[in-house]
1. Could you report the accessible area of Ile446 in Å², rounded to 10, computed with a 1.4 Å probe on the protein chains as they sit in the structure?
2. Considering Cα pairs under 8 angstrom that are at least six residues apart, work out the relative contact order of the chain and quote it in whole percent.
3. Rounded to two decimals, what is the ratio between the C-alpha radius of gyration of the chain and 2.2 N^0.38 Å?
4. Going by Cα centres, region 195-224 and region 359-398 are how many Å apart?
5. Mind checking the per residue accessible area of region 411-457 for me, 1.4 Å probe, whole number of Å²?
6. Note down the relative contact order for region 2-262 as a percent, whole number, built from C-alpha pairs under 8 angstrom at least six residues apart.
7. Expressed in whole Å with the largest first, what are the equivalent ellipsoid semi-axes of region 1-87 derived from the C-alpha gyration tensor as the square root of 5 times each eigenvalue?
8. Whole number in Å², please: accessible area per residue of region 270-399, 1.4 Å probe, ligands, DNA and RNA not counted.
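The values are calculated or read from the model by the stated rules, or taken from the named source; none is laboratory data. What you see is a predicted model; the values in this text were computed from it and never measured. Because the Cβ atoms are built from the backbone with ideal geometry, glycine has one as well, and the counts that use them run over all protein chains shown. Surface accessibility is based on the protein's heavy atoms, side chains included, excluding ligands, DNA and RNA. Shrake-Rupley method; radii C 1.70, N 1.55, O 1.52, S 1.80 Å.
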Amino acid sequence: MRIYNTLSRRVEEFKPIKAGEVKLYTCGPTVYDHVHIGNLRTYIFEDILRRVLISNNFQVQHVMNITDVDDKTILRSKQEFPGEKPKQALGKLTRKYEELFYEDAYKVGIDFSHSKIIRATNHINDMRELIRRIPYKYTSDDGIYFDISQDKNYGTLVKLDRTHEHHRINNDEYDKDHVADFALWKTAEKDEPSWEFGIDGKNIAGRPGWHIECSAMSVKYLGQPFDIHTGGVDLIFPHHENEIAQSRAAINKPLANYFVHSEHLLVDGHKMSKTRANFYTLDNILTKGFDPLAFRVLTLQAHYRSQLNFTWESLDAAQSFLKRLQAWADLKFQPALGHKSNAGHNYDTVFKKLVRALSEDLNTAEALAEISKLVTQAESEGVVIEKLQPMLKKLDQALGLGLANRKDVSPQIKKLIFRREQARKNQNWSEADHLRDELANQGIDINDTPHGPVWSRA
Ligand code: AMP
Ligand code: ZN
């Protein structure tokens, strides 16, 4: 398997630290609001990476954090729960959005069932311990800072202009053009949630900086170095640069061997923003009647390292493609089509090609093109039912398109289809047309093929 490594800026052969096993860490969501469709693109990419590793027979240990304390969560918790105690307000806000995140992720086919998902606030002590081990730090009135002027390795991921190195920055996220000392621990302001930190004979009531959260949690569950660290491109600097610096300063080993980043999703050619009114959540897509998996297909049609420009037209096209795949999957309920066809003799070859495409830096578009060929074949030849379901299961494992678990139509629909077929055989065309309309009203299209009628969901 080959994958692009941001550390080397090249596509590299993937070699795990321990043969057959992969330790994978994902920077998870900051749970202060609904995630947007850009965030979902990144989590879908990470889900695909995990699936491709499994398709390559690696045992994957996946860890993802939930950022449930940082500048944004604290600010929003004060706004949404005024009058509550700071930690309670923070807990209420972050649990709410964490749950909503899982719901969205599930709908777009992300499988977290084998992932270890951990909250920052449950690991404050691990963060204190890690901060204690970092030699390059100093305390100021607003917190404890990482001193990059002492760290000769700073700038592993990106080439940096170090002329600003004594500049100090108090925000979790900051101006990407400046190198700055960043907070490991932030002194709490009045009415902010805070944890005690006894260090160097002082006690600083405050909370961890954003970057230290991931460093502490990844080493705890995956060790250091671990194999692959993932996130969107905006995390390269400063977040991942800072994670690398602190972790190496504390433990004297690299943080991870591969850093893999996905490009951003744009909407109508622009960065999503609430003021531009081009900011979408999954709910905005669903209320327009789209299948959430259509969004997944849309993201898979592009390479993860290319920007993806979201438009309603492109989502529409992705949905049409998904419908074709679903109609193909639904052929397994339609024995009239089976047995006569030769389709399915090449499933193993096609699946191997698909895994090969995915294993070459996650070429999801080519993988979809391989499936499309199978669907075209089935559309003309029908399918061999016994061969179809095992293939759908393998495809789902690799791409998460939800094809294997689709439901048959109801007995009542089946009866209508049967009656229509009888009417046709008896050349009772008006009755047959009437029944076709009735089926259409119930969302079922009928296509008469040489092998018999085939239904599909409209
Ligand atoms: P956050 O909750 O802001 O830390 O972001 C969660 C994940 O979404 C991170 O991996 C980000 O890099 C990623 N992300 C943020 N904005 C976008 C976007 N417009 N397109 C794709 N990924 C994004
Ligand atoms: Zn992180």
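1. Counting only protein heavy atoms, the figure is 20 Å².
2. Values: 742 pairs, mean separation 72.8, N = 458.
16 percent.
3. Numbers: Rg = 26.1 Å, N = 458, 2.2 N^0.38 = 22.6 Å.
Normalised Rg, Cα atoms only: 1.16.
4. Rounded to whole Å, the Cα centres lie 47 Å apart.
5. Numbers: 3050 Å² over 47 residues.
Normalised by residue count, the accessible surface of region 411-457 is 65 Å².
6. On the way: 454 pairs, mean separation 60.2, N = 261.
Relative contact order here is 23 percent.
7. 35, 13, 12
8. Numbers: 5790 Å² over 130 residues.
That works out to 45 Å² for each residue.
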